[in-house]
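K.L.:
Structure incoming, see below.
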Amino acid sequence: MKKIDEIITEIKRLEKELSHEIQKKEAEYYYKIQGKKIYFEQSVKKAQKKLSTTMASYIFHARFLHMITSPIIWLCLVPGFFLDGMVTIYQAICFPVYGIPKVMRKDYIVMDRQSLAYLNLIEKINCMYCGYFNGLIAYVQEIAARTEQYWCPIKHARKIRTIHSRYKMFFEYGDGEEFKKNLEKIRKQFDDVE
């Protein structure tokens, strides 16, 4: 148990370190973030613009199978928007009742690639789609993780591919005594949520 907790803590520390290193790229690629806006130096913007592919060229050189499958990708937005709305409503109503801190949607859904001058309009829209969907999945996962911590914080016996942010708080599989004894304590243990 202790070793697992140490590994999970180290993974979270490394994730924060990785995020910090990624943010250092601001200086290397000559951009600044002010509020929600991203600003490039003028010379960098000009150089990026030269790298942009025209939309006509982009469409002309697109693979045929990419073109005919793109409507299927875009149709995924319908259930995505529904899921986004439902989990947002769910946590707005239920989390205060359960005493669970709300997940900040803006911390997960980040769409900023449209500021890149080397992308044409189609590429920018595609990048916004990916930023939205990957952020949405992370947002939903965090809401589900906090819900799971409240209702059934028990580790799985079988191997799972991804360990979410709250898993370290969970009881060992089969430890019924600890579960019954400390469930209420675990339900309130969100001190580490930023």
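Coordinate-derived values only; no laboratory data. Given the structure is predicted, the values throughout are model-derived calculations rather than measurements. Neighbour counts run over all protein chains shown; Cβ positions are idealised from the backbone, glycine included.
K.L.:
Given [x] 0.94; [y] 1.20; [z] 1.06, which label gives Rg/Rh (Cα atoms, Kirkwood Rh) as computed from the coordinates?
P.N.:
Read-out taken from this structure: [z].
K.L.:
Further question: Do any trypsin sites (Lys or Arg not before Pro) in the range 29-90 lie in a loop, going by DSSP, with at most 13 other beta-carbon atoms within 10 Å of their beta carbon, and if so which?
P.N.:
Passing sites in the range 29-90 are Lys36, Arg63.
K.L.:
Additional query: Can you tell me which of Gly131, Gly80, Gly35 moves the most in a GNM of the chain? Springs connect C-alpha atoms under 10 Å apart.
P.N.:
Of the options given, Gly35 has the highest mean-square fluctuation.
K.L.:
How about the range 95-166: which trypsin sites (Lys or Arg not before Pro) there lie in a loop by DSSP and see at most 15 other Cβ atoms within 10 Å?
P.N.:
Lys102, Arg158, Lys159, Arg161
K.L.:
Related question: In whole Hz, with x marking every Gly and Pro, tabulate ³J(HN,Hα) for the range 67-84 from phi via Karplus 6.51 cos²θ - 1.76 cosθ + 1.60, θ = phi - 60°.
P.N.:
Those phi angles translate into 5, 7, 8, 4, x, 5, 4, 5, 5, 4, 5, 4, x, x, 4, 5, 4, 4 Hz.
K.L.:
Once every DSSP H run of n ≥ 4 in the chain is given -39500 (n - 2.57) and the sum is divided by its residues, what mean residue ellipticity at 222 nm do you get, rounded to the nearest 500 deg cm²/dmol?
P.N.:
It comes out at -20000 deg cm²/dmol, rounded to the nearest 500.
K.L.:
Another question, then. Connecting C-alpha atoms closer than 10 Å in a GNM of the chain, tell me which of Ile109, Ile100, Ile163 has the biggest fluctuation.
P.N.:
Top of the fluctuation ranking is Ile163.
K.L.:
Listed here are the pairs Lys46/Lys124; Lys36/Lys124; Lys102/Lys155; Lys102/Lys188; Lys159/Lys188; Lys3/Lys159; which of them are more than 19 Å apart at the Cα?
P.N.:
Lys102/Lys155; Lys159/Lys188
K.L.:
Mean-square fluctuation check for the chain, GNM, Cα pairs under 10 Å: which of Ile154, Ile22, Ile122 is largest?
P.N.:
The residue that fluctuates most here is Ile22.
K.L.:
Which net charge results for the neighbourhood of Asn120, defined as the other residues with beta-carbon distances under 14 angstrom from its beta-carbon, given Lys and Arg at +1 and Asp and Glu at -1?
P.N.:
Summing Lys and Arg as +1 and Asp and Glu as -1 gives +3.
K.L.:
Mind listing the long-range amide H neighbours of Asn120? Cut-off is under 5 Å, sequence gap 5 or more, other chains count too, H placed in the peptide plane at 1.01 Å from N.
P.N.:
Those qualifying (amide H under 5 Å, at least 5 residues apart or on another chain) are Thr53.
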